[in-house]
Each structure stands twice: as C-alpha cells, then as structure tokens.
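Heads up, the thing below is written out as structure tokens.
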Amino acid sequence: MTIIESIRIALVSLSANKLRSALTMLGIIIGVAAVIALMGVGRGAQQAIDSQINSMGTNLIFISPGAVSQGGVRSSQGSAQTLTYDDAVALATSGLSAVAAVAPEARTFGQVVYMGNNINTQIVGVTPEYETVRNYRVQAGEFINAGNVTARSTVAVIGANIMTTLFNGEDPIGQTIRINNVGFKVIGVLEAKGGGGFGNQDDQILVPLTTVNARLQRGNFRGSNLVSQISVQATDAGQINLAIQQVSEVLRERHKIRFEDDFTVRSQQDLLSTANQITGVLTLFLGGVAGISLLVGGIGIMNIMLVSVTERTREIGIRKAIGATRNNILAQFLTEATVLSIFGGLIGIATGAVIARVISSAPIGGTLVLNSVVGMDSILLATLFATAVGLFFGIYPAYRAASLNPIDALRYE
Amino acid sequence: MIELENVYKIYRMGDSEVHALDGVSLKIAAGEWVAIVGPSGSGKSTLMNVIGCLDQPTSGSYKLDGVEVARMSDRELARVRNRKIGFVFQTFNLLPRTTALANVELPLVYAGVRDRRQRAIAALERVGLGDRLHHRPNELSGGQQQRVAIARALVTNPSIILADEPTGNLDSRAGAEIMELFHRMHTEQGLTIVMVTHDPDIAAQCERVVHIRDGKILSDERNGDRRRVPGIAEQLTAPAIPVPEPVATGAVR
C-alpha cells in the first residue's frame, strides 16, 4: 500500500469522525495560539522600550546629580543640586578626547496656555547642542541657537504633540504661548519621535536653558545655574567607558571630591540593560502563562487521544481482520496525527498572530504603541511541542493496539 | 486445505490455566461447509479464530494450504486474512460512521486493488444491497448490516468464509435471509464455509457438524446431502422484506 493510499485512509477516517478531529485540533490550537500571542506581546514590549531608549541618541552618557550624605542622612539620587551649567561648559571646553558633545538640560513643569487651550507639560531648558546629541529634528522653524541662550530669550521649540493639542492645525511659528504666565514666541516645531515610556519626548517644550533658570524654575533652582542632567555624547561606541572616566575626573576635580561622588554617570547601555531586565521578567512571566496554556492544550490532546482509544482499538481489530498489516495501521495513525497537528498548528499560529495584533492595537497607557512581534522561535516551540504531544498520544496507543492479535483488539473493551 | 494437528490454546487467568483448545485435530477440505457446534465456553470461537489467523495457538500445528501458519510474519498473516479468508462476525464489526460502500472497499484498499469501487458495488449488489451503497451502519437494519459484512468478506474473492454466530444477533427472518446467502455462496461459488453456532437448526443446514466441548472435539459427523430446513425457502419468498435473489443472481458471474 502506498503512502498516498494511507494518507487517503487517514483523511477519510478524520472526516468520518469530525467531532473527535475538531476536539483534538482545538487542544493544539489553544496551546499554540496562547504561546504565540503572549510571547509576541512580551517581545513587543521589549522592542518598544528599546527603541525608546535608542531614539534618545547614540553613544550617550547621562550625568545626573548624585545622592549626598549630610549629617549621616543619605538622600536619594538627584536630591543634591550639584550639577551646574558651568560644569557642562567645563566638560565641553576641557578638550576631553572621548567626548564629542555636551548637552546640559534643566527640567521643570509648566502651565502652557495658548488662546483657550491649556496644558500642563514638561519644560526643558536646553542649549543648541541638545538637538544633535539627543537626536531631535526640527520639522518647521528652527532650533534654539547660542544667541538665545546668552540672551535668555523667551523663545520656545514645541514637541509634535504640543502642536496638535495646543494649536489645532494652526501654524504655530511666530505665535506666542504663555508658560507659567511668561510669554514665549514659538520658533520651531520638533519632528515626532514616537514611543512613550518615560515621559513622552513629543510632549515637551524646549526653551533656552538660561531662560528656564532665570524665569521658570521654582524654589532653589530659581536664579541658579543648576542643571538636572548633562547628556554627553562619546566620540564612538568604543570610547564610552573612556568618556565616563574622563568626565568623572573633571567633575571630581571641579567638585573637590575625595571620597564619594556627588553625581551619577550612566551610559545608555546601562539604561538598556536595566530596561531589558524588566521586560525580560515580563516576557518570562508571559512565557510562563503561555507554557501553562500549552500544557493544558497538551493535556487536552492527550485526553481526546486516549479516550478515543477503545473505539479505535476495535477499529484496529477490524482493519487487521480484513487484511491490514501493522505498518498499514501505524501509517494511518501517524498520518492522522500529523494532519491534525499541522492543521491545528497552522490555525493556532494564525489565531495567535491575530490575538497578538488585537492586543497591540488596544490602547495601553496613552500614546504607548506596542507592536507585537511574533517570533519564529515561539512559533517553532509551540508547534513542535503540540505536534510532539499529538504524535505521541496519537501513535503510542495505536502502536500497542496494532501489536495485538486482531482478536484481542476486536474484543478490547 | 485446513489442517489442525494437536492444537492447544491456553489462557492464563492469574494462577489457573484455561484450556480453551485442548489438543484439537481437524481437517477441512476445500468446498466443505462445516458447522462447529458447542455450548458457550466450549472453545468453538477460539478454534474459529485460530483457523482465521486472528489468534495464534499456544502449541500444535496449523497448516493452511500446506503452509505452517506459526511461521508466517505479520505481513504474511495480513495477506492471508486479506486474500484467502473472509470473516463474518456476530456483531458485524463494520466501521461506524462509514458508508456501506467504503466498508466493503476497505479490504481491497489493503489488497492494493485498483478497480475497487466497481468490485465493491458488485459485491453489495450480490447481497442485495445495491440500493444502500451510501448508507452508514446506523442507518441499516441488523440483517442489512450483516449483509454488508458478508459483501466485505466476499469482495476479495477468498476461498474460505469464516462465520462466527452470523445469525446470533438477528431475528429469525433476517437470520434465514443470511443463511440463504451462505447457501448460494456455497453452491454457486464452491466456497469453503466454516460456521460457529450453538443453534441446532443452523447446524442442520450444514454438510458436516463438529461438536466441541471443553476444548475437545466430541464428535465429527456428516449430515449426508446438504439439507434445507423446510420453510426457510418459503419464508424467503414472503413479501415483507425485499428478497435479494433477483439482483443477486444477475450479478453472479
């Protein structure tokens, strides 16, 4: 008997027992779909955060004001106000070989009003270097220039989202917005960076750093030349560690530090690996849930295969009594299990991809876009596992039945 | 063609041994119609299963057409069951949810025959079911199901038909129809028929009756010329059930 013949027998047998076939496939479909959807979502979350971090710029080092101990009390990171605009200028002008550019920033929140529209958003005081270091592009108008910084001009470059929410499609260039009751002239609009996560970069308003400190900061920052972070771009990826070392030396000298740094230096890579640790846990968790689904699906397959064995043992007896060899029987059951696994697997993959897509199109945390990534590895893992379970529990009882004397198989209860 | 010599079949039930066949020697020649008769538990079905290569004897020799069955491989046994022997069971043993035609085609599939559809249709017409080709077993009466089973047994043109209580699950009218089919198969095609029964009326219609009890042959006698029990033929011409004869005779070559 040929292979085509045994495939035909298997297909006839499957279509003669549609409910049993459908139930078996259902187990495989559920298992495969769950793994693919959940792994896809986890992977998507990871990529969203990675691209967020990478969109900040390349080869970056971030210097933040560090924790400080005062009278035995250690305050949290950033509590000390130790980084100044002068530090940034010093870093930029001491001719450090591994440092390409330095971009300090001073952040505050501000109430922004234009006509009847009113939003509360983040105001970032920057210098011209910020545009290249942090990878911003102006889609209309121009960026803040050195003259604006020196003159403490009241000019602003707005994020892409600000333009839509505040200006309703009107051309914002040349218009005046009020930030904390100070009038600012809009001179530029940034290109959208997309993403979300840690404070959407499209929701910011950039103004000259000196203007922030002179007119917008509250409390201790007002009138100071303190900055909240300095971004340093290394000359290339291989120079990042050297840049960290050089930057730290300059700052220690300027701050006259002997024991404990009053600033923190982190590279973009540190951020990435921290974020990856978090998303890795997320993916692991989702993978665990998916694994349980796969297990449940596998048990479903196993149950239906074992339950149908009584009927099938009699069937095997009949088939043997009228001339089937053991190999005929095995070929039939192998083909049946393979057909079910393949079809169930394909439907499961499609279902999983659809579910992943539906989940990613659901709005999560405002503008955060989660593009599910259905990976080849999860497809292979899920399909192979489901197929293996289907094949084993489909064939093993059949193998035992096929090895019986036909009369014992016929009498099987 | 069937030669059993000192055949034993022993089942172990825990510590005790059950001798289902206890030294049976039997010869059946080609073209004979033999009834194996005995009470339940006498070993008659076991004997039949051994003859049909569905079961292997514990010891002793069984030669089919001069070939020792014990030496055959799984493949050869399957071939014998497929080509030489046709089975008819008490419980029909048709594949459920499968049409009559597909059930009858099945032995031909395993035989690797090409024109199986025509041959299966011809076999079903021979048993008078030419109009029930696409019915499933649960849509057929017991008598019709047994006729499908007989068509399945005949379709590969075997030389031996083995029937285990073929009328046991049927009412007397359907049983009479089935017996009539066996008569025709025997007389028109010269088939060897071995039939297990505990019904003396059925046994009386066979040429030779072998009595078996406790795994041993008690008696082996000829009925002389094959006799028909009066009344059966008359019943068959009764109008209530469509009689297979007209269709069947036309199909026999």
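The values are calculated or read from the model by the stated rules, or taken from the named source; none is laboratory data. The model shown is predicted, which means the values in this text are computed figures rather than measured ones. Cβ: placed from backbone, ideal geometry, glycine included. Neighbour counts: every protein chain shown.
A compact table of results
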{"item": "Residue in the stretch B:146-154 that is without any contact (Cβ under 8 Å) to a residue 60 or more places away in the chain, crowded, with 17+ Cβ neighbours inside 10 Å and away from chain A (no Cβ under 13 Å) present", "result": "yes"}
{"item": "Options A:Thr264, A:Thr335, A:Thr310; residue that is in contact (Cβ under 8 Å) with a residue 60 or more places away in the chain and crowded, with 19+ Cβ neighbours inside 10 Å", "result": "A:Thr335"}
{"item": "Single match in A:Thr211, A:Thr154 (criterion: polar (S, T, N, Q), modelled with pLDDT of 85 or more, within 19 Å of A:Thr108 (Cα to Cα) and crowded, with 21+ Cβ neighbours inside 10 Å)", "result": "A:Thr211"}
{"item": "Subset tally (residues that are outside any helix (DSSP H, G or I), at the interface with another protein chain (Cβ under 9 Å from one of its Cβ atoms), of a type outside the set (S, T, N, Q) and surrounded by 17 or more Cβ atoms within 10 Å (Cβ to Cβ)) for the stretch B:86-122", "result": "5"}
{"item": "Selection from the stretch A:98-133 of residues that are over 17 Å from A:Tyr85 (Cβ atoms), small (Gly, Ala, Ser) and touching a Leu at 6+ places or on another chain (Cβ under 7 Å)", "result": "A:Ala98, A:Gly110"}
{"item": "Filtered residue count, the stretch A:4-19, keeping only those that are under 16 Å from B:Leu94 (Cβ atoms), among the polar types (S, T, N, Q) and part of a helix (DSSP H, G or I)", "result": "1"}
{"item": "Hits in the stretch B:4-24 (condition: among the aliphatic types (A, V, I, L, M) and surrounded by fewer than 22 Cβ atoms within 10 Å (Cβ to Cβ))", "result": "B:Ile10, B:Met13, B:Val18"}
{"item": "Residues that are more than 8 Å from chain A (Cβ to nearest Cβ) and touching a residue at least 60 places away in the same chain (Cβ under 8 Å), drawn from the stretch B:75-85", "result": "B:Lys84, B:Ile85"}
{"item": "Options A:Leu334, A:Leu330, A:Leu286, A:Leu294: the member that is assigned by TED's automatic domain parsing to the domain that holds A:Ala45, under 30 Å from B:Leu77 (Cα atoms), modelled with pLDDT under 85 and not hydroxyl-bearing (Ser, Thr, Tyr)", "result": "A:Leu334"}
{"item": "Matching residues in the stretch A:193-208 - criterion: being part of a loop (DSSP other than H, G, I, E, B), at pLDDT 75 or above and not polar (S, T, N, Q)", "result": "A:Lys193"}
{"item": "Test result for B:Asp65, more than 10 Å from chain A (Cβ to nearest Cβ), more than 18 Å from B:Ile161 (Cβ to Cβ) and out of contact with any strand residue (DSSP E or B) (no Cβ under 7 Å at 6 or more places or on another chain)", "result": "no"}
{"item": "Tally of residues being within 27 Å of the chain's Cα centre (by Cα) and on the phi < 0 side of the Ramachandran plot across the stretch A:121-153", "result": "13"}
{"item": "The listed residue being within 30 Å of A:Gln245 (Cα to Cα), in the same structural domain as A:Val247 (by TED's automatic domain parsing) and without any contact (Cβ under 8 Å) to a residue 12 or more places away in the chain, out of A:Thr93, A:Thr108", "result": "A:Thr93"}
{"item": "Any pair with Cβ under 7 angstrom, 6 or more apart, that starts in the stretch B:109-127 at a residue that is closer than 20 Å to A:Ile318 by Cβ and ends at one that is assigned to a loop (DSSP other than H, G, I, E, B) and hydroxyl-bearing (Ser, Thr, Tyr)", "result": "B:Ala111/B:Thr156"}
{"item": "Subset of the stretch A:214-248 that is among the polar types (S, T, N, Q) and in a helix (DSSP H, G or I) - its residue that is nearest to A:Glu105 (Cα to Cα)", "result": "A:Asn220"}
{"item": "Looking only at the stretch A:1-17, and only at residues there that are within 9 Å of another protein chain (Cβ to nearest Cβ) and of a type outside the set (A, V, I, L, M), the one that is nearest to the chain's Cα centre (by Cα)", "result": "A:Asn17"}
{"item": "Filtered residue count, the stretch A:132-151, keeping only those that are in a loop (DSSP other than H, G, I, E, B) and either buried (at least 16 other Cβ atoms within 10 Å of the Cβ) or free of Cβ contacts under 8 Å to residues at least 24 places away in the same chain (or both)", "result": "6"}
{"item": "Members of the stretch A:165-179 found to be within 35 Å of the chain's Cα centre (by Cα) and outside any strand (DSSP E or B), listed by number", "result": "A:Thr165, A:Leu166, A:Phe167, A:Asn168, A:Gly169, A:Glu170, A:Asp171, A:Pro172, A:Ile173"}
{"item": "Count of the stretch B:25-43 residues which are surrounded by 14 or more Cβ atoms within 10 Å (Cβ to Cβ) and within 25 Å of B:Arg83 (Cβ to Cβ)", "result": "8"}
{"item": "Restricting the stretch B:47-64 to residues that are without any contact (Cβ under 8 Å) to a residue 60 or more places away in the chain and among the β-branched types (Val, Ile, Thr), the residue that is nearest to B:Ala204 (Cα to Cα)", "result": "B:Val50"}
{"item": "Evaluation of B:Ala30 against (1) in contact (Cβ under 8 Å) with a residue 60 or more places away in the chain; (2) within 14 Å of another protein chain (Cβ to nearest Cβ); (3) small (Gly, Ala, Ser) (one fails), failing number", "result": "(2)"}
{"item": "Filtered residue count, the stretch A:162-192, keeping only those that are in contact with a helix residue (DSSP H, G or I) (Cβ under 8 Å, 6 or more places away or on another chain), at pLDDT below 90 and crowded, with 20+ Cβ neighbours inside 10 Å", "result": "1"}
{"item": "Residue among A:Ala80, A:Ala37, A:Ala67 that is at pLDDT 80 or above and small (Gly, Ala, Ser)", "result": "A:Ala37"}
{"item": "Number of the condition not met by B:Asp131 [criteria: (1) more than 22 Å from B:Met185 (Cα to Cα); (2) more than 9 Å from chain A (Cβ to nearest Cβ); (3) assigned to a loop (DSSP other than H, G, I, E, B)]", "result": "(1)"}
{"item": "Meets criteria (more than 18 Å from A:Ser6 (Cβ to Cβ), modelled with pLDDT under 85, away from chain B (no Cβ under 14 Å) and assigned to a helix (DSSP H, G or I)) for A:Phe385", "result": "yes"}
{"item": "Scan of the stretch A:104-118 for residues that are among the aromatic types (Phe, Trp, Tyr) and either over 20 Å from A:Val227 (Cα atoms) or not in a strand (DSSP E or B) (or both), ordered by number", "result": "A:Tyr114"}
{"item": "Condition met for B:Ala176 (touching a residue at least 12 places away in the same chain (Cβ under 8 Å) and more than 14 Å from the chain's Cα centre (by Cα))", "result": "yes"}
